[in-house]
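The block underneath contains the structure these notes are about, expressed in structure tokens.
The values are calculated or read from the model by the stated rules, or taken from the named source; none is laboratory data. Quick caveat: nothing in here was measured; it's all calculated off a predicted structure. Please note: Cβ atoms are built from the backbone with ideal geometry, for glycine as well, and neighbour counts cover all protein chains shown. Please note that ligands, DNA and RNA were not included when accessible areas were found on the heavy atoms of the full protein model with its side chains. Shrake-Rupley method; radii C 1.70, N 1.55, O 1.52, S 1.80 Å.
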There are 2 protein chains.
Amino acid sequence: MTTTLYGAIEAGGTKFRCVVARGIEEVLAEVRVPTTTPEATLAQVTAFFADASARLGTVSALGIATFGPVDLDRRSPSFGRILATPKAGWSNTDLVGTLLRQLGRPVAIDTDVNASARAEFERGYDAGVINSLVYVTVGTGIGGGAVIDGRTVKGLLHPEMGHVQVRRDSRDAQFEGICPFHGDCLEGLASGPAILARWGAPLSALAPEHIAHAVIGGYLGQLACSVTLLLSPQRIVFGGGVMDDTRLLQEIRTRASALLGGYLPHERLPAGLETYITAPTLGTRSGLMGALLLARDAAREDRLGGLGSPETVSER
Amino acid sequence: MTTTLYGAIEAGGTKFRCVVARGIEEVLAEVRVPTTTPEATLAQVTAFFADASARLGTVSALGIATFGPVDLDRRSPSFGRILATPKAGWSNTDLVGTLLRQLGRPVAIDTDVNASARAEFERGYDAGVINSLVYVTVGTGIGGGAVIDGRTVKGLLHPEMGHVQVRRDSRDAQFEGICPFHGDCLEGLASGPAILARWGAPLSALAPEHIAHAVIGGYLGQLACSVTLLLSPQRIVFGGGVMDDTRLLQEIRTRASALLGGYLPHERLPAGLETYITAPTLGTRSGLMGALLLARDAAREDRLGGLGSPETVSER
């Protein structure tokens, strides 16, 4: 049994979930801080960790799974900062620097969806069997993260799958979309607020025969199809609040399969589409688990004494 | 100076280009074999390598960069075979097995576009600086390959980017598309034959003010946008015969940039879009260079005596 303590933050647009855990499984303290201004939110976050440290002992490292866009390039002067975002006041917020200064422990960071993808990849039902996985969250926004050959994808920035263009459903042609950047990109059409904007209720509250189910399932099925054709992952996991609609996952499968036509390699899917397009094994805990895995990375690198992975920094 | 001989095949839908080279740069013999039936084509291919071996010496290994879909999973019973394809007679053709039996040398295989991506990644103008790259070919068909963290992407199958859905241009709404699987997927709309089907000439022969340039640039710009949002590569290279139209690359840049809106991280592109969406450094040689790099992999693994990478097989 490890006795190492880890701190983890899942930084979202409406709340910051923070935990202190023994190892990556045993949560000892948890708090949810509303996302208001960077100053107020980060003050509450650091207060939580300071208090937890006083009661439970010092955390060995901190992992952050954050909303994006965020600079994940260690060599960049803005590493660890939120980039230009429509979230009022948050552009250029120095997440990593602030927490590093306040807590004095090593910090590792990735996007919330990359962290969730990694958690599902390492802790999901067939961890160790697959080598790639895409995680999509459909909630207040839409985002996607990816693990390829065991590592999360960063590259020029990091995946921002929610803003992909989809072909419009003719039954939904009048709606302009709500994305401030792109209007009717996927997030502008199929996120929770976009569903509310034109139908006045979440999917799960609309009648089974309401066209919203097929329309939204179709848009998300297009994403699953594009992900398959561009990334060829071994699994696509759909999480987030909009997925609480119990029939949506099957709609996505049906639509993606129809769009892929002969290009879905069924012979590689012995148990069929249900194992390819799936719900999160970890439920709503993927993001926090991903942040804990990041904390464990940072602690290991700190012990090894090297700068190590490009996602981790520590003051020495 | 290496004196090692490598064999390489770029297996395409209209021709198989075969070379024997000293090292990966010095081509000693080359032939183009028309793609007819698997039996006739592969007989000519193996005859070329047998003849070249007699004249030049035995090749240490063979690399194949092939059209897809192809099974790249070493653990699969159909490894090295072409999967279901509209190319008459080619479904289930055992490329790797046939060449392994005929030539008795180790064989490595990848898709043509993955091989091209790798060649541009390792031999392109800023090799060693980037860690990810997407290569798209626009010709008889449309395909895309990817290098992420230095390795080509395989996963469940391999990328099949040409069959992604794009939003239709209203100026092009009447055309049904020519993809036998998906009708008006990207390949069905923007490949060379799709351009010929509705405008009767290649892009480069149409007047500068013809809408075809903007329509096709728009469709390919959508792909560049989707690639950016889903894969976040550090470079996207567009090759293939349709790209001979000298203004198409700029059309793609313009359209992708407009679609990405605020989500293209311009600060990471010091020299602008021209270094992000580019022509191949290796011109039309990317595929063959990729096949030579695969041959070098196979030869190295053969010397090391291990089964090594999942893409390489050898008879012992």
### Task
Kindly indicate whether any position in the range B:29-45 is under 16 Å from B:L292 (Cα atoms), open to solvent by less than 50 Å² (accessible area, probe 1.4 Å) and not β-branched (V, I, T).
yes
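Tell me, which helices (runs of 4 or more DSSP H) wholly within the range A:165-272 include 2 or more residues that are among the aromatic types (F, W, Y)? Please lay out each step first, then the result.
Values: elements: A:186-190, A:192-199, A:211-231, A:248-260.
Per the criteria, no element qualifies.
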### Summary
B:A190 passes all but one of the listed conditions (1) open to solvent by less than 30 Å² (accessible area, probe 1.4 Å); (2) at pLDDT 95 or above; (3) within 26 Å of B:R123 (Cα to Cα); the exception is number (3)
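Taking the condition among the hydroxyl-bearing types (S, T, Y), part of a helix (DSSP H, G or I) and open to solvent by 10 Å² or more (accessible area, probe 1.4 Å), does A:T140 pass? If you could, list the steps in order and put the result at the bottom.
Values: among the hydroxyl-bearing types (S, T, Y): yes; part of a helix (DSSP H, G or I): no; open to solvent by 10 Å² or more (accessible area, probe 1.4 Å): yes.
No: the conditions fail for A:T140.
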## Note on the structure
(1) within 13 Å of chain A (Cβ to nearest Cβ); (2) farther than 22 Å from B:T228 by Cβ; (3) out of contact with any Gly (no Cβ under 9 Å at 6 or more places or on another chain); (4) of a type in the set (S, T, N, Q) all hold for B:Q165 apart from (2)
### Query
Given the conditions (1) open to solvent by 30 Å² or more (accessible area, probe 1.4 Å); (2) without any contact (Cβ under 8 Å) to a residue 24 or more places away in the chain; (3) touching a strand residue (DSSP E or B) at 6+ places or on another chain (Cβ under 9 Å); (4) under 28 Å from B:F181 (Cβ atoms), which single one is not true for B:A88?
(3)
### Query
Hey, does the range B:146-155 have a residue that's assigned to a loop (DSSP other than H, G, I, E, B), within 14 Å of another protein chain (Cβ to nearest Cβ) and more than 21 Å from B:Y276 (Cβ to Cβ)?
yes
## Note on the structure
Selection from the range A:97-114 of residues touching a Phe, Trp or Tyr at 6+ places or on another chain (Cβ under 8 Å) and outside any helix (DSSP H, G or I) yields A:T111
### Summary
(1) modelled with pLDDT under 95; (2) under 16 Å from the mean Cα position of the chain (by Cα); (3) closer than 25 Å to B:V166 by Cα all hold for A:G155 apart from (2)
### Task
Test each condition in (1) more than 22 Å from B:G144 (Cα to Cα); (2) within 14 Å of another protein chain (Cβ to nearest Cβ) for B:S53 and report the one that comes out false.
(2)
### Query
In the range A:190-234, which residues are closer than 14 Å to A:A256 by Cα and more than 14 Å from chain B (Cβ to nearest Cβ)?
A:A214, A:V215, A:I216, A:G217
### Pairs where the first residue, in the range B:147-166, is farther than 16 Å from B:V237 by Cα and the second is among the charged types (D, E, K, R) and surrounded by 24 or more Cβ atoms within 10 Å (Cβ to Cβ), C-beta under 7 Å, 6+ apart
B:H163/B:E187
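Evaluate the range B:238-254: report whether one residue or more is modelled with pLDDT of 90 or more, within 11 Å of another protein chain (Cβ to nearest Cβ) and under 27 Å from A:V136 (Cβ atoms). Working first, answer last.
Of the residues in the range B:238-254, the ones modelled with pLDDT of 90 or more are B:238-245, B:247-254.
With the extra rule that they be within 11 Å of another protein chain (Cβ to nearest Cβ), the set shrinks to none.
There is no residue in the range B:238-254 that is modelled with pLDDT of 90 or more, within 11 Å of another protein chain (Cβ to nearest Cβ) and under 27 Å from A:V136 (Cβ atoms).
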### Message
Any residue that is at positive phi and not assigned by TED's automatic domain parsing to the domain that holds B:T152 - is there at least one of those in the range B:91-112?
### Response
yes
### Query
Name the pairs whose Cβ atoms lie under 6 Å apart, with the first residue in the range B:177-196 and touching a residue at least 12 places away in the same chain (Cβ under 8 Å), the second of a type in the set (D, E, K, R), and 6 or more positions between them or separate chains?
B:G177/B:D184; B:C179/B:E187
### Query
Consider B:Q174 against the criteria (1) open to solvent by less than 10 Å² (accessible area, probe 1.4 Å); (2) more than 18 Å from the chain's Cα centre (by Cα): it satisfies all of them except one. Which criterion is unmet?
(1)
### Query
Pairs under 6 Å by beta carbon, first residue farther than 20 Å from A:V164 by Cα and among the acidic types (D, E) in the range A:202-221, partner at pLDDT below 95 and surrounded by fewer than 17 Cβ atoms within 10 Å (Cβ to Cβ), six or more apart or different chains?
none
### Query
Residues of the range A:196-211 being under 15 Å from A:E176 (Cα atoms), surrounded by 15 or more Cβ atoms within 10 Å (Cβ to Cβ) and aliphatic (A, V, I, L, M), which ones?
A:A197
### Task
Might you let me know whether the range A:69-86 holds any residue that is under 19 Å from A:R296 (Cα atoms) and charged (D, E, K, R)?
yes
